[in-house]
1. From the P(r) of segment 211-286, can you give the percent of Cα pairs sitting at distances over 17 Å?
2. Most fluctuating residue of 93, 37, 133 in a GNM of the chain with Cα springs under 10 Å: which is it?
3. Using only the alpha-carbon atoms, how far is helix 25-37 inclined from the longest principal axis of the chain? Give it as 0 to 90 degrees, nearest 10.
4. Cross-link partners among lysines for residue 33, C-alpha distance below 17 Å, same-chain residues fewer than 8 apart left out?
5. Can you pull the accessible area of residue 124 for me, 1.4 Å probe, Å² to the nearest 10?
6. Report, in degrees rounded to the nearest 10, the 0 to 90 angle that the Cα long axis of helix 249-262 makes with the longest principal axis of the chain.
7. Counting each DSSP H run of 4 or more residues in the chain as -39500 (n - 2.57), what helix-only mean residue ellipticity at 222 nm follows after dividing by all residues, to the nearest 500 deg cm²/dmol?
8. Please list the three semi-axes, largest first and in whole Å, of the ellipsoid equivalent to the chain, using sqrt of 5 times the eigenvalues of its alpha carbon gyration tensor.
Amino acid sequence: MTTTLKIDISKVFDYVPERLVFSRRDEAIKALKALYDKTGKGNDFLGWVHLPSSITDNHLSELKKTAHMLQNEAEILVVTGIGGSYLGTRAVDEALSHSFQPWLKKNDFPRLLYAGQNISEDYMAELLEILEDKSYAIAVISKSGTTTEPAIAFRILREHLEKKVGKDAAAHRIVAITDAHRGALKQLADSQGYKTFVIPDDVGGRYSVLTPVGLLPLAVAGHDIDALVNGARAMEMATSPETAFENNPSALYAATRNTLYRNGKNIEILASFHHKLVWFAEWWKQLYGESEGKDNTGIFPASVNYTTDLHSMGQYVQEGMRSIFESVITVENPAKTLRIPHDEVNLDELNYISNKRIDEVNKMAELGTLLAHVDGGVPNIRISIPALTESSVGELIYFFEIACGISGYLQGINPFDQPGVEAYKKNMFALLGKPGFEELSRKLRNRL
């Protein structure tokens, strides 16, 4: 298998010399080997490292069989989860789907809608309004089944679906993606006869898009999960410890961004000139923010969508605090072809680009932005893929995942836990009056 993703770090060398980046070679490969050998911090959550190559044809067939069943039952699949239990799915679906999918007259596959990713009463009520007149199924995703946001959403959705089609029919339309043996959701699924798929114990949520967490909903939506997995497999091979550092895109990316971090660049902006990657950037922000934000250290992950944000955030990027660097995902070839027409009157003065493809203008905007930002003191890492296909997106997913693990070890932290996420939960439980939190509730209310 060969990969199509390419990385160019040459536009960081005005800020940090090439020799400094390459001086991190041994450190980066050592970190990569620690991931493979499971000798580093958080090594009990490294099941994702060899996940692409361990996915069997039988497993994919079972996922596609269930997806086909749901396709026959429903116009909509409500993906119910939060964080990594929905972001990866949405990132891939948005990257591969028609920009105006909700407005297409004919849809060959169910649309994906999302619940449990917030606690907005308006959002949930308005979702039920949509579902009232639609046939729908539910993929509920949670290892424990007690995570507050998706648990609330699933309780509401389950009641709604059971009232709509009956309890037995509802059970046929609910798939639980959860722990293999324990937890509230597993217990409920077994008692109600829901179809279940397993989230591996050693795969954390933000690394789970290539498990049934992402693969089942994406298969329901009609995406080629075989090609997605094959792209990730190719990148797994291309980023192994046996690959030379200069040819290993993930090691090179990790070493470069960490070198910039050690030299004062503590904010990374993931940018793209393709609108379909907005949600991919949201997935990336969780992956890196939750992995690296530890011990009062870490690169802050932000994102922009160009050229739109060049007319807003572009001012700050060009002339604001010089604590930032950019990583730009470039999609070399769009799926469509559209040219700019000639206009005899030419009031808008655009005839100089008449008959050019829109993408050519977009690419020149990208190159002009790169040069302007580098000149303005913003180092730039360019990551390119040939097109938005299942295979290339699979490559991109694994590229960022393995680079995140390397980066975390270079930073000296455990990139696979998230202790800070629990702080708000404890306070919320106490303020809601959950049994066992009475003392904390008293302290918090005194503060308020």
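The values are calculated or read from the model by the stated rules, or taken from the named source; none is laboratory data. Please read all numbers here as calculations on a predicted model, not as lab measurements. Ideal geometry is used to build each Cβ from the backbone, glycine not excepted, and the neighbour counts take in all protein chains shown. All accessible areas refer to the heavy atoms of the entire protein, side chains included, with ligands and DNA or RNA removed. Shrake-Rupley method; radii C 1.70, N 1.55, O 1.52, S 1.80 Å.
1. In whole percent, the share of Cα-Cα pairs in segment 211-286 beyond 17 Å is 66.
2. Evaluated over the chain, the most mobile residue of the options is 133.
3. Value to nearest ten degrees: 20.
4. 41
5. Accessible area of residue 124: about 20 Å².
6. Rounded to the nearest ten degrees, it is 80.
7. -15000 deg cm²/dmol
8. One finds semi-axes of 36, 29, 23 Å for the chain.
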